[in-house]
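Reading through the structure tokens given below for one structure.
The values are calculated or read from the model by the stated rules, or taken from the named source; none is laboratory data. Since the structure is predicted, the reported quantities are computational estimates derived from the model, not experimental observations. When we count neighbours, we look across all protein chains shown, and the Cβ atoms used for this are built from the backbone with ideal geometry, even at glycine. Only protein heavy atoms, including side chains, enter the accessible area calculation; ligands, DNA and RNA are left aside. Shrake-Rupley method; radii C 1.70, N 1.55, O 1.52, S 1.80 Å.
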Amino acid sequence: REIQARIRAGANAADVAADAGMPVELVRRYEGPVLAEREFVAGQARATRIGHDPGAPVLGELVTDRLATRGVGAEDVVWDAYRPGSGRWTVEVSFPVGDTPRTARWTFDGAARTLRAEDDEARWLSE
């Protein structure tokens, strides 16, 4: 349970194994369902409309379009979601701008299907 909680919070199997002093193969046995959950939540967030208008764009399309104006291709964009403890999910998109790695983060409420930008990159990409 602790292994899955740490992976759900954003840790990777190698870090969890090193911290616990156990083989990484043992940790990997427990990470699959949690990684699938993180991917599912990130997908839900990407499909969430920005605003209340039925014709409003969804986050994933809006981010892809805005990053394209910076010369970032869709193949360079990586989505993830993580949830520390029992709080709300954080959805993160990572992308390069030139040689500089960038990230944008939103808080995601899956039940209400709402997003809140947590940093300037997220605000630029979605507001």
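Tally time: how many residues in region 95-123 are modelled with pLDDT under 95, surrounded by 13 or more Cβ atoms within 10 Å (Cβ to Cβ) and not in a strand (DSSP E or B)?
The total comes to 1.
Identify, please: which residue in region 37-58 is touching a residue at least 40 places away in the same chain (Cβ under 8 Å), in contact with a strand residue (DSSP E or B) (Cβ under 6 Å, 6 or more places away or on another chain) and among the hydrophobic types (A, V, I, L, M, F, W, C) and is, among those, nearest to residue 4 (Cα to Cα)?
If we take residues in region 37-58 being touching a residue at least 40 places away in the same chain (Cβ under 8 Å), in contact with a strand residue (DSSP E or B) (Cβ under 6 Å, 6 or more places away or on another chain) and among the hydrophobic types (A, V, I, L, M, F, W, C), then 41 is nearest to residue 4 (Cα to Cα).
Within the group 13, 42, which residue is on the phi < 0 side of the Ramachandran plot and at pLDDT 95 or above?
The conditions single out 42.
Need pairs with beta-carbon distance below 6 Å; first residue without any contact (Cβ under 8 Å) to a residue 24 or more places away in the chain and within region 17-31, second open to solvent by 50 Å² or more (accessible area, probe 1.4 Å); sequence gap 6+ or separate chains.
Correct list of pairs: 24/14.
For region 36-47, how many residues are out of contact with any Leu (no Cβ under 9 Å at 6 or more places or on another chain), open to solvent by 20 Å² or more (accessible area, probe 1.4 Å) and closer than 14 Å to residue 92 by Cα?
Of the residues in region 36-47, 4 are out of contact with any Leu (no Cβ under 9 Å at 6 or more places or on another chain), open to solvent by 20 Å² or more (accessible area, probe 1.4 Å) and closer than 14 Å to residue 92 by Cα.
Identify all residues within region 65-94 that are open to solvent by less than 70 Å² (accessible area, probe 1.4 Å) and part of a strand (DSSP E or B); write none if there are none.
The answer is 79, 80, 81, 82, 89, 90, 91, 92, 93, 94.
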